[in-house]
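Derivation of every value follows stated rules applied to the coordinates shown; laboratory data play no part. Please read these numbers as outputs of a predicted model, since none were measured by experiment. A quick note on method: Cβ atoms are made from the backbone with ideal geometry, for glycine too, and the neighbour counts reach across all protein chains shown.
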């Protein structure tokens, strides 16, 4: 089968083995919050809020950091390649003494850093601007109260320092991604003021110069959220302008736009003006519902844009979903493997033939080639990649997760 697949792709001018080898250039940042339903480890944490909601009650949720790390290791055993872990500030390990979010330090993430080094994976980081009494109003960095705003600015400042320590320890830059839920349920009179305050707050957070070899900054836009249906301070237009003017990464989440908008079309547009993009891959169903990522047409289109544009070094891929209706380790495996399959399919595209057809105006050939590519033996190439990386192929990996569920997660109260 493998030789047959090689021949089929070679007939289109594609080297299957070269495409498989190129997969190592696309690590995926795996989000920790799928493993515990965005609960975190704060003893004084409040309801999620900020438009966030987790549905389902599948048994076996990770209840502490050790269980969460164990579950992540189980997922990594069935996911090919070397990847990253994306942490939120609410996953700090502060012992028996609560620590305010504005006073967190790298010390409170030392076990995460040690674990990442032992797993040989990089880390990414996020300030947590939700599930807190000072976020209950729906405003944080854009809050009209100076003292509230100061608390969240300080939270952002310490998070950047934590990320820098993570990057220094792991030897790869840690991306600090700033997303805030700030907005209003009904139509505001003053749209300008909150955006001015948000810009000032961001400038204060980013004022300290940190080594880009250790830490990078990203800002994340959103169309709307529950409780912020009529006005979102940090809209796409706001953050695109901010990122372009400040030289920051722009985070594009595939669930943060109108259902008729697609991120695949935005990548080449925004990358004309900003240095790098953080891509959060999710699957919104009617709204930003954060379903487990599947191998959809849009996911394949995004992967094609990354490969065709040569954006591998400028686009950082991470996942963002939380589904508590299915086994959480399986959700990670399904989402990451789907993302990787989309990337492999893009790397196996007959790009030379496609570009030649398009440049000569032969759109008939372009369409025919794109359609024919869909039925080429991607699955054989994928199985080969899994075998090379020493992880189970499709049809086998679920058995490993089910064994872990039987032995580990099903034993949790």
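Run lengths n ≥ 4 of DSSP H only: what is the helix-derived mean residue ellipticity at 222 nm for the chain, with -39500 (n - 2.57) per run over all residues, to the nearest 500?
-13000 deg cm²/dmol
If you line up the long axis of helix 378-389 against the longest principal axis of the chain, both from Cα atoms, how many degrees apart are they, to the nearest 10?
70
Which order, highest average first, do 271-280, 110-119, 168-177 follow once you tally other Cβ atoms within 10 Å for each residue and take the mean per peptide?
Put in order of decreasing packing, that is 168-177, 271-280, 110-119.
Which FRET efficiency value, to the nearest 0.05, do you get for residue 114 and residue 412 by plugging their Cβ-Cβ distance into 1/(1 + (r/R0)^6) with R0 = 25 Å?
Here the calculated transfer efficiency is 0.60.
If you fit an axis through the alpha-carbon atoms of helix 328-347 and take the longest principal axis of the Cα set of the chain, what angle between them do you get, 0 to 90°, nearest 10?
50
Report, to the nearest 10°, how far helix 297-308 tilts away from the longest principal axis of the Cα atoms in the chain, using its own Cα long axis and a range of 0 to 90°.
Approximately 80 degrees, to the nearest 10.
Take every DSSP beta bridge with both residues inside the chain and express the antiparallel ones as a percent of the total, to the nearest 5.
Restricted to the chain, the bridges split so that about 10 percent are antiparallel.
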